[in-house]
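First comes the structure, then the notes that go with it.
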Amino acid sequence: REDRSTGERRFVYHGNDGTSFPWNDTAQLNYLDAETREAVIRTILDVAHHFPIIRFDAAMTLARRHVRRLWWPEPGAGGSIPSRAEHAISQAEFDRLMPKEFWREVVDRVAAEAPDTLLLAEAFWLMEGYFVRTLGMHRVYNSAFMHMLRDEDNAGYRRVMRDTLEFDPEILKRYVNFMTNPDEETAVEQFGKGDKYFGIATLLATLPGLPLLGHGQLEGFAEKYGMEYRRAYRDETVDEGLLAHHERTIVPLLRRRAQFAEVRDFLLYDVAADGGGRLDDVFAYSNVGPRGERSLVIYHNRFGSAAGWVGDSVHFSVPREGDGGRTLTQRTLADGWRLPEGDDAFVLWRDHASGLEHLAPVGELRARGLRIELGAYERRVLLDVRDVRDGSARLWSRLWERLGSRGVPSLDDALRELALEPIHGPLRAAVGDVLGGLIRDGAAPDIGSVRDALRSMVDAVAEATSVRGDRDQVTRLVSEALATIADRATETPRTRGKTPGHAPVAAAFHDASHRAVLVSWSVLSPLGRLAPGDPVATSRAWFDELRFEEPLAVGLRSAGLDEGAAWSAASTVRLLLDLPRPSTVGGRTRPEVAQRLVAAWFDRPDVRSALGVNRWEDVDWFSRERWRELLDWALLLDLLVVPAPDAARSRDVVLALVAAGERSGYRVDRLRELTLPAGRSAPARTQRRAGTKRRGP
């Protein structure tokens, strides 16, 4: 600095940490000067009165040991910055001029004069612990998280966590964990976009402390962000796939931060390898949230496989009563999850990473811990942990015997299916074994076997639903419908021509996939007669409540259908169980029956969906193929269960509706018009929508 009025020349030092070039946008202050320190503290307090959070950049350079190393070296030491050796002072003089840590003064003054301020320090050089333990800083950058996990120094980072827990677990939540910052390469450059990145991002979101996300981290930006930049120099676009995966896997965890942020119930575990020893490459820790939400996070930070047991935690310190000291203790996973005692207790959880739910006996967790098997950079996030007890039916024990360690989309659904097994088993057996020949080849089944299988299923449904209907009548109705299917399936071409209906319907009895639907419908449709009320609505409701679709599809699969055909047939049966048919909608004349059937179909959302109804240019259209197919099914069912004269009328109604569909151009509004009884006309708004011109008087 040159004073042109006096000619005085002085040199101003830039800030410097002694590792590289000076920071030429800064000027270094003399922190041995008490007035300078006070001026800086007053400036900090002024900022604190305007903002709730203050971040101190490169805060470690103002620790006493580094002020000494950088600016006021001991005589003969040389110093870390050129020209500072000539300013060397003794240790006694340094201690007199700077008797206390500057940051300790800052923390104490802020606590007294601006107590609601959060102080966040960027401190490297392995001083993170010193800043929170000794200097009292509220939060401190934890560079070890980024560097050690990136370099897969897993044992080293576990040691950092273990040492912190042994000293005081509360310090763990003062760390600011991050995967990138403006001084480092971007997260995508350091960790990529694969399983390793998302595994460490999971640790970031679920460890106690403060998770810090870098600029462009979620979007996958690779350009290093500098605060001195006026604009980005690379023309980068958001990686939509990466962002979407963050939103599916990481953002939900960040929304649960309250569940992971505290350390009162945080436990870090040693994972015991199968062959003995400890798996240092596996991080496993549990926590309990403020409302008792239990969790367990497991991550394998190595390219390879790992298998072992999560059982005992590492030692951690707790306050000791009486003398104010601390003592070391440890706990098990069962204790960390606060699991109950007893052989009848089970624990349930959902793995956030896979979306599947699991269960395990509490006794096994207490005896051995939780078994884990992990691939390269694989992670588990166990959430929604709850414990249950077995009842007299031992449903949870039976479900555990069935599933083992295998996960399912819903344990409640799996338990419900297990409870329904007395119904599902007979249904699978009836459709797949007893009636398999009828479905595959049209062969007439053994009457005795059919009656036994049907009665077993009917009894199981009646017991499960606590109804007292006529079981014999239901069994007889099913048997009669099956006999009709067998007769039609064995008709010769000459007798087939006498069958009421048209060619596609008659041919359906000779097609295995059609027979599968007819057989299944015949078995399930009469079940509603067991209960009082509308039997059709009851049969349809029980199909969902008793979860018939999966066992029906499994039975059809064993009867010879391929996987897709079996599930398609089961879905069709669900629709047909309460599909309005010509024989069920009522009406005295054929036109009246046709009009009622069209109204019933197009007023029901499930039938509209089956007909492919879609709107285009303010007109509702339906599918020609699906229209014909559904009419065929309606006629087929009537042929099975109604007398011949009524079946003939159903045939006439169906043929008329086939023709009406053609004339309507497969427009819903025109079809409704064409099926109106004689002497009635569509409302004016319907006529206009259909394109009919209204005449004047």
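Mind giving me the FRET efficiency for GLU550 and ARG257? R0 is 41 Å, r the Cβ-Cβ distance, nearest 0.05 is fine.
In this case the efficiency is close to 0.60.
Give, in whole angstrom and from largest to smallest, the semi-axes √(5λ) of the equivalent ellipsoid of region 302-446, with λ running over the eigenvalues of the Cα gyration tensor.
45, 19, 11
Taking the DSSP beta bridges in the chain as the whole, what percent of them are antiparallel, to the nearest 5?
Roughly 80 percent of the DSSP beta bridges within the chain come out antiparallel.
Between ALA222 and TRP23, what FRET efficiency follows from the Cβ-Cβ distance if R0 is 30 Å, with the result rounded to 0.05?
Using R0 = 30 Å, I get an efficiency of 0.75.
Which part of region 510-544 falls in the paramagnetic zone of ARG476, meaning amide N under 16 Å from the point 7 Å along Cα-to-beta-carbon?
Hits in region 510-544 for ARG476 at 16 Å: 526-527, 529-530.
Can you classify region 75-178 as rounded, prolate or oblate using the Cα gyration tensor, where a ≥ b ≥ c are the square roots of its eigenvalues, rounded means a/c under 1.5, and otherwise it's prolate if a/b beats b/c and oblate if not?
Oblate, since a/c reaches 1.5 and b/c is not below a/b.
For the chain, take the longest principal axis of its alpha carbons; what is the angle in degrees between that and the long axis of helix 240-249, to the nearest 10 within 0 to 90?
So the helix axis and the longest Cα principal axis differ by about 90 degrees.
Treating only the Cβ of Lys, Arg, Asp and Glu as charged (+1, +1, -1, -1), what charge dipole size does the chain show about its Cα centre? Round to the nearest 20 debye.
The calculation lands at about 3080 debye.
Using only Cα atoms and rounding to the nearest 10 degrees, what angle (0 to 90) does helix 471-489 make with the longest principal axis of the chain?
In the chain, helix 471-489 runs at an angle near 80 degrees to the longest axis.
If you roll a 1.4 Å probe over the chain with all protein chains in place, what percent of the accessible area is carbon or sulfur?
C and S fraction of accessible area: 49 percent.
Return, for the Cα atoms of region 510-591, the radius of gyration and Dmax in Å, separated by a comma.
14.0, 44
Which value, in Å to one decimal place, does the Kirkwood hydrodynamic radius take for the chain when every pair of different Cα atoms is included?
So the Kirkwood estimate lands at 32.6 Å.
Angle check, please: helix 154-167 long axis (alpha carbons) against the longest principal axis of the chain (alpha carbons), in degrees 0 to 90, nearest 10.
70
Set the Förster radius R0 to 35 Å, insert the Cβ-Cβ distance between ASP344 and ASP274 as r into 1/(1 + (r/R0)^6), and round the FRET efficiency to 0.05.
Result of the calculation: an efficiency of 0.75.
Give me a comma-separated list of calculated 3J(HN,Hα) values for region 228-239, in order, Karplus coefficients 6.51, -1.76, 1.60 applied at θ = phi - 60°, integers in Hz, x for any Gly or Pro.
Rounded to whole hertz, the list is 7, 6, 7, 7, 6, 8, 9, 8, 9, 10, 5, 7.
Once the piece of chain linking ARG588 and ASP413 is laid out straight, how much longer is it, given 0.36 nm per residue of separation minus the C-alpha distance between them?
So the chain would gain 58.4 nm between ARG588 and ASP413.
Tell me, what ³J(HN,Hα) does each residue in region 421-436 have, in order and in whole Hz, if you take phi through Karplus 6.51 cos²θ - 1.76 cosθ + 1.60 with θ = phi - 60° and put x for Gly and Pro?
4, x, 8, 5, x, x, 5, 4, 5, 5, 6, x, 9, 5, 9, x
Suppose each label sits 7 Å from its Cα in the direction of the beta carbon; what would the VAL40-ARG389 distance come out to in nanometres?
Here the modelled spin labels are 6.2 nm apart.
Per residue, how large is the accessible surface of region 236-314? Use a 1.4 angstrom probe and give square angstrom.
43
The values are calculated or read from the model by the stated rules, or taken from the named source; none is laboratory data. These numbers come from a predicted model, not from an experiment. Glycine also receives a Cβ, built like all others from the backbone with ideal geometry; neighbour counts cover every protein chain displayed. When the accessible area is computed, the model is the full protein with side chains, heavy atoms only, and any ligands, DNA or RNA have been set aside. Shrake-Rupley method; radii C 1.70, N 1.55, O 1.52, S 1.80 Å.
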